[in-house]
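A.B. asks: Would you mind keeping the following structure in view while I ask a few things?
The values are calculated or read from the model by the stated rules, or taken from the named source; none is laboratory data. Just so it is clear, the structure is predicted and the values come from calculations on it, not from any experiment. Cβ sites come from the backbone with ideal geometry, for glycine too, and all protein chains shown count toward neighbours. All accessible areas refer to the heavy atoms of the entire protein, side chains included, with ligands and DNA or RNA removed. Shrake-Rupley method; radii C 1.70, N 1.55, O 1.52, S 1.80 Å.
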Amino acid sequence: PVSPSTKAPDHDFASSAIIAKLSNEKKLIIAGQKSGVVTALDPDNNGSIIWQNKIGKGGNLGGIQFGMAFYNDTIYAAVADTVIHNKSDSKLDKHQDGVDGYYLLSPVGGGMYALDAETGKVKWSTPHPGCNLGGTSISGCSRSQSAAVTVIDDVVFSGGLDGHLRAYDSLNGKIIWDINLNLKIKGNNSS
């Protein structure tokens, strides 16, 4: 038996499943979970597993976080795999930015994947381009891509914890454009 004090892995499903109708009329239920595993189930055969593919490391803030997309017999999934450390950890660079007593670890996490919906095989993958702008490393930046993915025709959109929104070519994963939305906004809070 597992005691309440035992730390179990955080492998829940943080996003909704996709009901996918393939071009051959086959229906699948496809779900991504925080373990980094994407699973396709057969709804016409008592939910039996058709395929599984582990595309992320997974963990508390890992794997597939908030949603995948389906288009043209392809599943598009962004991988978070966010790594944080407590600010009291003496091994960390104390100049990193952090929130709520934690540091984001920038060299890990992130990536966009295209999976064949029928087989689960990776069609392409594109790693996060890194936390560098103009040759300067962004302190405290994370490569995590935890936002829900959107696909429109031949373009896949993915937002990341680095504040960037990127558009990917749905056929090959090439980044078409990248916009930095991590901007300081001067506001007025008076009524």
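A.B. asks: Quick check, is Thr119 within 21 Å of Ser15 (Cβ to Cβ), modelled with pLDDT of 60 or more, surrounded by fewer than 24 Cβ atoms within 10 Å (Cβ to Cβ) and among the polar types (S, T, N, Q)?
C.D. replies: Values: within 21 Å of Ser15 (Cβ to Cβ): no; modelled with pLDDT of 60 or more: yes; surrounded by fewer than 24 Cβ atoms within 10 Å (Cβ to Cβ): yes; among the polar types (S, T, N, Q): yes.
Taking the combined requirement at face value, the residue does not satisfy it.
A.B. asks: Specify the residue that is modelled with the highest pLDDT; the eligible residues are those in segment 122-139 that are within 16 Å of Trp177 (Cα to Cα) and open to solvent by 80 Å² or more (accessible area, probe 1.4 Å). Can you show your working first?
C.D. replies: Keep residues of segment 122-139 that are within 16 Å of Trp177 (Cα to Cα), which gives 126-134.
Add one more test, that the residue is open to solvent by 80 Å² or more (accessible area, probe 1.4 Å), and what stays is 127, 132, 134.
Working: Pro127: 89, Asn132: 60, Gly134: 46.
Among those that are within 16 Å of Trp177 (Cα to Cα) and open to solvent by 80 Å² or more (accessible area, probe 1.4 Å), it is Pro127.
A.B. asks: Go through segment 35-54 and give me each residue that's open to solvent by less than 20 Å² (accessible area, probe 1.4 Å) and on the phi < 0 side of the Ramachandran plot.
C.D. replies: Step one: filter segment 35-54 for residues open to solvent by less than 20 Å² (accessible area, probe 1.4 Å), giving 35-36, 38-40, 42, 51.
Answer for segment 35-54, where residues must be open to solvent by less than 20 Å² (accessible area, probe 1.4 Å) and on the phi < 0 side of the Ramachandran plot: Ser35, Val38, Thr39, Ala40, Asp42, Trp51.
A.B. asks: Which of the residues belonging to segment 151-164 are crowded, with 16+ Cβ neighbours inside 10 Å, part of a strand (DSSP E or B) and not small (Gly, Ala, Ser)?
C.D. replies: Val151, Val156, Phe157, His164
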